[in-house]
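Student: This is the structure I want to talk about, given as structure tokens.
The values are calculated or read from the model by the stated rules, or taken from the named source; none is laboratory data. Given the structure is predicted, the values throughout are model-derived calculations rather than measurements. Every residue, glycine among them, receives a Cβ derived from its backbone with ideal geometry; neighbour counts consider all protein chains shown. We work out accessible area using only protein heavy atoms, side chains counted, and drop any ligands, DNA or RNA first. Shrake-Rupley method; radii C 1.70, N 1.55, O 1.52, S 1.80 Å.
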Amino acid sequence: VYKRQLLDLADIRLGGVSLVLLLAPVLPVLGVAASWSRGLDPAYELTTAAPRAGLHLVLRRTAAVLAVVVPALLVCGWVTGVMVAQGLLPCLAFTSATLALGGVIGMTRAALALVGAWAAAVVAPAVAVSHAPLALRPDGLPVWGLVLVLGAAVVTARRGAYTVLGARR
């Protein structure tokens, strides 16, 4: 009974496209934004002023978010038959892009901008035409890999920018 309920829940489709594919990229992004939000962290001033508050803290919090989200995506993908890479690669690519953009405009703004862009460019058209856009098909996986590598390269190159995430934004 529980397995069937899990299958029904995981196989929800929105406009003919699996909800797992539509939400995989943005779930961790929202968690990363929440983990660095002034309003949600009661010790925000203390954590931003701590000696290891820069990139080290951002990566630790991101890893904590991914440790929760990735297994859930893997299970939902397995239940629905979605390829692991189709859910995982966009998830990691969006997370690295959020971290890269967050070093410039702040994590919350970066996350909201990317979620809004995803909703407008992918989710809305997918629901409107009832089929998966290129970004959600296996053909788009090399692009997601490139986004992941570029995001990680930007985060690495700008690692000093994360020491002032709270102080100036």
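Student: By average Cβ neighbour count within 10 Å, what is the ranking of 25-37, 81-93 from highest down?
Tutor: Top to bottom by mean Cβ count within 10 Å: 25-37, 81-93.
Student: OK, next. What full-extension length gain, to one decimal in nm, is calculated for ALA85 and LEU19 as 0.36 nm per residue of separation minus the Cα-Cα distance?
Tutor: Between ALA85 and LEU19, full extension yields an extra 22.2 nm.
Student: Please check which bits of segment 17-43 a label hung off ALA128 would reach, taking the label as a point 7 Å along Cα-to-C-beta and the cut-off as backbone N under 19 Å.
Tutor: The answer is 17-18, 22-23, whose backbone nitrogens lie closer than 19 Å to the label point.
Student: Shifting gears a bit: Please give the FRET efficiency for ALA34 paired with THR156, using the beta carbon to beta carbon distance and R0 = 30 Å, rounded to the nearest 0.05.
Tutor: According to the calculation, E is roughly 0.80.
Student: For segment 50-92, what Kirkwood radius comes out of the mean inverse Cα-Cα distance, in Å?
Tutor: It is 11.5 Å.
Student: So, one more: On average, how much accessible surface per residue is there in segment 111-161, in Å², for a 1.4 Å probe, leaving out ligands, DNA and RNA?
Tutor: 56
Student: Carbon and sulfur together cover what percent of the accessible area of segment 64-134 at a 1.4 Å probe radius?
Tutor: Summing carbon and sulfur atoms, their accessible area is 81 percent of the total for segment 64-134.
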